[in-house]
Amino acid sequence: MKLTNKFFLTLICGLAVLPLQAQKFRELAQTPPMGWNSWNKFNCNVNEGMIREMADAMVATGLKDAGYEYIVIDDCWHGERDSLGFITANPVHFPSGIKALADYIHAKGLKFGIYSCAGNKTCAGKPASRGHEYQDALTYAKWGVDYLKYDWCDHEDLNAIGSYTTMSQALQAAGRPIVFSLCEWGSNKPWSWAKNVGHLWRTTGDIGNNFVGDPDTKKWHPLGVLQILDLQDGLRPYAGPGHWNDPDMLEVGNGMSVNEDRAHFTMWCMLAAPLMAGNDLKNMTIETLAILSNKEVIAIDQDTLGIQGFKYATKDSVETWFKPLKNGEWAVCFLNRSTSPKSINLDWKTFSVKDALSGFELNMTGKESYKVRNLWLKKNIGDTRKPLKATVPAHDVLCLKLFK
Ligand code: GLA
């Protein structure tokens, strides 16, 4: 090969890999994003008044102080494209326009997110971004969008890596730092290619308001909390600061029992999952608010090491999960999957846990001991020198922090 040909070949190859190296805004989502999204509770029933009310409620309830930041309108905010192909908002439901709504949300010290889709139409049949990626990214930047959830309906034969990379580059070109949330349902294993494309990627199909889920796989139905949890198996190496596995948004407060909501929330925190509340923030029970705003459990999720937790053991329907935390601390949670209460009787001194992924080790077999704090009771309950005896109610958790 002539030297000039070789030079051009190298240049072209270099340019071809360059976009995959340098797309997303790297400083964003260093801990899993936290916020609220309209879909799980309201589906297509969105309008500017209720979105403003959710922003008001996020502040008034103390959820903002607990770390929730993004107010995201999911599907159905869209109007038509104008004569030049720019997207507009539905004029009946968003008469003041999206920019005014974003301004309102920003004035509350919150951030604003929006939804689109890589195909021709969104999952609810609204105009999506295929062929308009750069125009849409520009529009979002102009409106003051901080977060984009990007779905995968009506994609025909599109290549997922190509489609999501195009939108990622479009956002980059538009210049406004926007968290890019890939909602491709895990169909093309985004964890294996999206680290440089976006900040989080859905790992499964849609969550439903159901703890166990329907085992019938022949017809489509939303997944239960436990089904989604099981589908996270093997994904923890792919998560870390700036790039998170997303097991879907929260169903806390949407109708499961308080025990199930607590277990769902806790396990999402053990997974270092994005915490997008999906309930009506204006009408929450005390229990729902207590779950969503437990700062000690949220701190497990938001730990700056960003190491996803792992299942250590399963015995008699009780799973033991560990998550290494900064400063040599650990979260330990016991998840009772069964419909009857289970007692736990364990001697910490039999535990020597080595996390091969992070290299962290928790060894209580020798002299070393840890203090133990119950994160739902918000109470220190002793230390690891004495055995743990407890009962975990059905579909619930016992969640502890071990610290020095
Ligand atoms: C898909 C997504 C959901 C939601 C809907 C909106 O099903 O997975 O989270 O965004 O589309 O139509």
Matching residues, the stretch 308-324, being touching a helix residue (DSSP H, G or I) at 6+ places or on another chain (Cβ under 8 Å) and either open to solvent by 10 Å² or more (accessible area, probe 1.4 Å) or in a strand (DSSP E or B) (or both): Phe310, Trp321, Lys323
Pairs, first at positive phi in the stretch 146-172, second of a type outside the set (Val, Ile, Thr), C-beta under 6 Å, six or more apart: Asp154/Gly119; Asp154/Asn120; Asp154/Lys121
Extreme residue, surrounded by the most Cβ atoms within 10 Å (Cβ to Cβ), among residues of the stretch 214-231 that are at pLDDT 95 or above and part of a loop (DSSP other than H, G, I, E, B): Gly224
Residue in the stretch 25-53 that is farthest from the chain's Cα centre (by Cα), counting only those that are aliphatic (A, V, I, L, M) and away from the ligand (no atom under 16 Å from the Cβ): Met50
In the stretch 37-88, the residues that are in contact with a Phe, Trp or Tyr (Cβ under 9 Å, 6 or more places away or on another chain), among the acidic types (Asp, Glu) and part of a helix (DSSP H, G or I): Glu48
Qualifying positions in the stretch 325-350 - small (Gly, Ala, Ser) and surrounded by fewer than 19 Cβ atoms within 10 Å (Cβ to Cβ): Gly328, Ser338, Ser340, Ser343
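Results for (1) part of a loop (DSSP other than H, G, I, E, B); (2) under 16 Å from the mean Cα position of the chain (by Cα); (3) modelled with pLDDT under 95, shown as yes or no for each residue.
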{"residue": "Ala173", "(1), (2), (3)": "no, no, no"}
{"residue": "Pro177", "(1), (2), (3)": "yes, no, no"}
{"residue": "Ser181", "(1), (2), (3)": "no, yes, no"}
{"residue": "Gly186", "(1), (2), (3)": "yes, yes, no"}
{"residue": "Ala194", "(1), (2), (3)": "yes, yes, no"}
{"residue": "Trp201", "(1), (2), (3)": "no, yes, no"}
{"residue": "Phe211", "(1), (2), (3)": "yes, no, no"}
Subset of the stretch 186-213 that is basic (Lys, Arg) and open to solvent by 10 Å² or more (accessible area, probe 1.4 Å) - its residue that is nearest to the ligand (Cβ to nearest atom): Lys189
Complete set of residues in the stretch 126-135 that are open to solvent by less than 40 Å² (accessible area, probe 1.4 Å) and within 10 Å of His78 (Cβ to Cβ): Pro127, Ala128
Qualifying residue in the stretch 92-107 (condition: more than 25 Å from the chain's Cα centre (by Cα) and within 16 Å of the ligand (Cβ to nearest atom)): yes
Members of the stretch 331-367 that are more than 23 Å from Ala272 (Cβ to Cβ), of a type in the set (A, V, I, L, M) and either modelled with pLDDT of 95 or more or assigned to a strand (DSSP E or B) (or both): Ile344, Leu346
Failed condition for Leu250, given (1) touching a strand residue (DSSP E or B) at 6+ places or on another chain (Cβ under 7 Å); (2) part of a helix (DSSP H, G or I); (3) not acidic (Asp, Glu): (2)
Conditions (1) of a type in the set (Val, Ile, Thr); (2) buried (at least 18 other Cβ atoms within 10 Å of the Cβ); (3) modelled with pLDDT under 95: number failed by Thr4: (2)
Answer residue from the stretch 94-125, given it is in a loop (DSSP other than H, G, I, E, B), in contact (Cβ under 8 Å) with a residue 40 or more places away in the chain and in contact with a Gly (Cβ under 9 Å, 6 or more places away or on another chain) and is surrounded by the most Cβ atoms within 10 Å (Cβ to Cβ) among those: Leu110
Pairs, first outside any loop (DSSP other than H, G, I, E, B) in the stretch 383-396, second open to solvent by 50 Å² or more (accessible area, probe 1.4 Å) and charged (D, E, K, R), C-beta under 7 Å, six or more apart: Asp383/Lys371; Asp396/Arg262
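The values are calculated or read from the model by the stated rules, or taken from the named source; none is laboratory data. Because the structure is predicted, anything quoted here is derived from the model rather than measured. Neighbour counts run over all protein chains shown; Cβ positions are idealised from the backbone, glycine included. Quick note on the areas: whole protein, heavy atoms, side chains included, nothing else; ligands and nucleic acids left out. Shrake-Rupley method; radii C 1.70, N 1.55, O 1.52, S 1.80 Å.
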